[in-house]
Amino acid sequence: MNPREVALACLLQLSKKDVSISSVVDEAFNRYTLNSRDRRFVNALVYGVIRWKQQLDWVLGQFVNPKFRLDSKHRAILRLGAFQLLHLDGIPPHAAIYETVQLAKKNRKTTGFINAVLRSVQRKASELVYPSLDTHPIDHIAYSMSYPKWLVKRWIQSRGLPWTLAFCEASNQIASLSLRIDINKTYRDEFCEYLKSIGLSPKVSTFVPDGIVIENNAILDKNKGTTLDKDNILKDVITRDDVYVQDESAMLVSYLLMKDAPKLVVDLCAAPGGKTTHIASMIGNTGKVIAVDITKKKLTLLRENCSRLGVKNVDTLTIDATSADLSFIKSADAVLIDAPCSGFGTLRRHPDARWNKTSNQLLVLNDLQYKLLESAARHIKPGGIIVYSTCTVEQSENQGIVSRFLKNFPMFLVENAEDCLPEIPKNAITPEGFLQIFPHEHGIDGAFAARLRRI
Ligand SMILES: C[S@@+](CC[C@H](N)C(=O)[O-])C[C@H]1O[C@@H](n2cnc3c(N)ncnc32)[C@H](O)[C@@H]1O
C-alpha cells in the first residue's frame with residue numbers, strides 16, 4: 001500500500017470506531033511496510049485531516065451539492081485531497097489531486113467527481129470568505145480554525161473572544177517532542193550534546209531542570225545522504241533507560257507535589273506512569289510511590305515503564321479509587337490525583353480530543369474528578385498534601401472542582417504553586433495560587449494543578 005492508501009485506511013477506521021489516532025496509526029505501521037519518510041507522510045495526513053476536519057468539510061461544502069450523499073470513503077478521500085491542497089507545502093497541487101483521485105480509481109464515475117471537486121478547491125479555495133468574525137464569531141472560528149461550535153461557544157462565554165482565538169490558533173500547531181531526562185543518571189547538557197551529535201536539534205526546557213525539547217522532531221541536514229534513519233534515531237533515544245517522553249507541563253506537576261520532599265506518595269490515577277516514574281526517581285531509594293489505577297492493562301504498561309527506566313520504588317494496585325477502601329492513604333505524605341479529563345490542553349498532540357467529547361461527558365468527568373478528590377481527602381493525614389491536576393483548560397474540570405471541594409472540606413488550604421515553582425512565569429499562577437498553563441501563553445501543553453494541604 002502507498003502512504004495515501006494507508007492514510008485512507010486509518011481515516012476509515014477512525015470514522016467507524018471510537019479509538020485514538022495513535023493506536024490506529026501504530027496498528028497500520030505494524031501491518032504495512034513503509035519507510036520512515038512514508039510513515040511521516042501518513043502521520044501528517046491522518047493527524048492533519050482529523051485536526052482540520054471541520055474546515056475541510058466547510059471548504060468542500062462550497063463545491064459539493066448538499067443533495068449529493070457522500071459515503072464515508074469518498075468523504076475521507078475528498079478530505080485527504082483538500083488537506084494536501086490547503087495545508088501541505090511541498091506537494092505540487094496536480095500531484096496531490098492525481099494521487100488522491102487514484103484512491104477512488106475502481107469507480108470511474110466517482111473519480112471524475114473527486115477530480116472535479118479537488119480542482120475547484122485548488123482554483124477557488126483562496127477566494128472563499130468564512131463567516132465574519134465580527135458578526136458570527138462562533139461560526140468563524142469553528143470553520144476557519146476547525147473546532148466544534150459548542151466548544152467555541154463555551155470558550156468565548158467563559159474566557160472571551162481574544163483568549164479563544166489565541167488558544168484555538170496555538171492548539172492547531174504541531175507540538176515539539178518533549179523529553180524528560182533522569183538527571184540522577186545523566187547530565188542534561190551532556191545529553192543535549194549527544195542529541196546534537198546524532199543530528200537532532202535539542203533545546204533545554206526553561207520550565208523544568210530535566211526537560212529537553214526537540215523542535216518539531218527536526219533532524220539536521222548533515223544527515224542527508226547518510227544511511228541514518230530518523231525514525232530509528234528517535235526510537236533509540238526515546239527507549240533509553242534515562243528518557244521518558246513527557247510534556248513540560250506534566251513535569252511541572254511532579255515538582256509541585258515534591259516540594260517538602262515527601263517520602264511516601266500515593267498516585268491515585270497513575271497509568272501509564274509519566275508522573276509516577278518522575279516522582280519515584282526524585283524520591284530515590286529512601287521512599288516509594290504506590291501507583292493506583294482502575295485499569296489492569298494500563299498498570300502493566302506502567303510496570304513496563306518502571307522496568308525500562310530502572311525505577312524500583314513503585315508498588316502497584318488495581319482499584320477503583322472512587323469506591324475502594326483507601327485507608328492505606330493514611331500513611332502517605334502526599335497524594336497525586338492526575339484526574340481523567342477532557343484533555344483540551346493537549347489538542348496539539350491529540351487533535352481528535354475536540355471531536356470526541358460532548359458537554360454531557362464533561363459533566364460525567366466532573367463527577368468522577370470530584371469523587372476522586374473527595375475519596376483521597378477523607379483519608380489523608382493532617383499536614384498531608386493532595387495535588388489535583390488535569391491536562392485541560394476547562395474551568396469546570398479545574399477551578400470548578402477545587403472550589404467545590406474547598407467549600408465542602410474547609411480543613412484544606414491552598415498552597416501557592418509559585419512557592420513550589422520559583423522559576424515559573426507569573427502568568428502561569430492564578431490569583432488563587434493554582435498552576436494554570438495555556439499553550440498560547442506558555443508554548444507547552446495546557447495543564448492545571450492545585451496543591452492542597454490538610455490542616
Ligand atoms: C490522566 S490519566 C493519568 C496519567 C498519569 N498520571 C501519567 O502521568 O502518566 C488518568 C488515569 O486515571 C485512571 N482512572 C480513571 N478512573 C479511575 C478510578 N476511578 N480510579 C483509579 N484510576 C482511575 C485512568 O485509567 C487513567 O490511567
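Determine the dipole magnitude for region 226-368: charges of +1 sit on the beta-carbon of Lys and Arg, -1 on that of Asp and Glu, nothing else is charged, the reference point is the Cα centre, and the result goes in debye to the nearest 20. If you can, show how the numbers build up before the last one.
Values: 18 positive and 18 negative charges, 22 e Å.
Taking the Cα centre of region 226-368 as origin, the dipole is about 100 debye.
Please tell me which of these pairs span more than 29 angstrom C-alpha to C-alpha: LYS53/LYS275; LYS153/LYS296; LYS17/LYS297? Show your work: numbers first, answer last.
Details: LYS53/LYS275 32 Å; LYS153/LYS296 38 Å; LYS17/LYS297 20 Å.
In this structure, LYS53/LYS275; LYS153/LYS296 lie more than 29 Å apart at Cα.
Under the rule of -39500 (n - 2.57) per DSSP H run of 4 or more residues, summed and divided by the residues of the chain, what mean residue ellipticity at 222 nm is obtained, to the nearest 500 deg cm²/dmol?
On the way: 18 runs with 214 residues, N = 455.
Rounded to the nearest 500, the figure is -14500 deg cm²/dmol.
Within region 115-197, list the chymotrypsin sites (Phe, Trp or Tyr not before Pro) lying in a DSSP loop whose Cβ has at most 12 other Cβ atoms in a 10 Å radius. Working shown, then result.
Values: sites: TYR143, TRP150, TRP155, TRP163, PHE167, TYR187, PHE191, TYR194; in loops: TYR187.
Those satisfying the criteria are TYR187.
Considering only DSSP beta bridges whose two residues both sit in region 248-454, what percent are antiparallel, to the nearest 5? Walk me through the numbers on the way to the answer.
Details: 14 of 31 bridges.
So the antiparallel bridges amount to about 45 percent of the total.
Between LEU12 and VAL245, what is 0.36 nm times their sequence separation minus the Cα-Cα distance? Round to one decimal in nm. If you can, show how the numbers build up before the last one.
Details: separation 233, 0.36 × 233 = 83.88 nm, distance 2.86 nm.
Net length gain for the segment: 81.0 nm.
Hey, got the dipole for the chain? About the Cα centre, +1 on K and R Cβ, -1 on D and E Cβ, debye to the nearest 20?
Numbers: 59 positive and 48 negative charges, 348 e Å.
Rounded to the nearest 20 debye, it is 1680 debye.
Please give the helix 274-283 orientation as an angle from the longest Cα principal axis of the chain, in degrees from 0 to 90, rounded to the nearest 10.
30 degrees
Report the gain in length on full extension from ASP315 to THR33: 0.36 nm times residue separation, minus Cα-Cα distance, nm rounded to one decimal.
Working: separation 282, 0.36 × 282 = 101.52 nm, distance 3.88 nm.
Length gained, ASP315 through THR33: 97.6 nm.
Using only the alpha-carbon atoms, how far is helix 36-61 inclined from the longest principal axis of the chain? Give it as 0 to 90 degrees, nearest 10.
Tilt relative to the chain: about 70 degrees.
Would you kindly calculate the translational diffusion coefficient of the chain, applying Stokes-Einstein with the Kirkwood radius from alpha carbon pairs, for 25 °C and a viscosity of 0.890 mPa s, and quote it in µm² s⁻¹ without decimals?
On the way: Rh = 23.8 Å.
It diffuses with D of about 103 µm²/s by this estimate.
When N is the residue count of region 3-127, what does its C-alpha Rg come to as a fraction of 2.2 N^0.38 Å?
Numbers: Rg = 13.9 Å, N = 125, 2.2 N^0.38 = 13.8 Å.
My calculation over the Cα atoms of region 3-127 gives 1.01.
If I model a spin label at VAL129 and TYR194 as a point 7 Å from the Cα along the Cα→Cβ vector, what separation in nanometres do I get?
5.8 nm
With labels modelled as points extended 7 Å from the Cα through the Cβ direction, what inter-label distance (nm, one decimal) is found for HIS136 paired with ILE91?
Inter-label distance under the simple model: 2.9 nm.
Shape of region 72-208 from its Cα gyration tensor (a ≥ b ≥ c, root eigenvalues): rounded if a/c is under 1.5, otherwise prolate when a/b > b/c, or oblate?
Numbers: a/c = 3.05, a/b = 1.40, b/c = 2.17.
Cα axes put region 72-208 in the oblate bin.
Roughly what angle does helix 399-408 make with the longest principal axis of the chain, taking Cα atoms, 0 to 90 degrees, to the nearest 10?
Helix 399-408 sits roughly 30 degrees off the main axis of the chain.
Got a sec? Charge dipole of the chain, +1 on Cβ for Lys and Arg, -1 for Asp and Glu; which of THR33, THR318, SER281 is way out at the positive end?
Selected residue: THR33.
Run the numbers on the chain and let me know its relative contact order in percent, using alpha-carbon pairs under 8 Å that are six or more apart.
Numbers: 728 pairs, mean separation 53.7, N = 455.
About 12 percent, as a whole number.
How big is the convex hull of the Cα atoms of region 248-454, per residue, in Å³?
Details: hull volume 24.6 nm³, N = 207.
Residue-normalised Cα hull volume stands at 119 Å³.
Bear in mind these aren't lab numbers, they're just calculated from the coordinates by the rules spelled out. Computed from a predicted structure; not experimentally measured. Cβ sites come from the backbone with ideal geometry, for glycine too, and all protein chains shown count toward neighbours.
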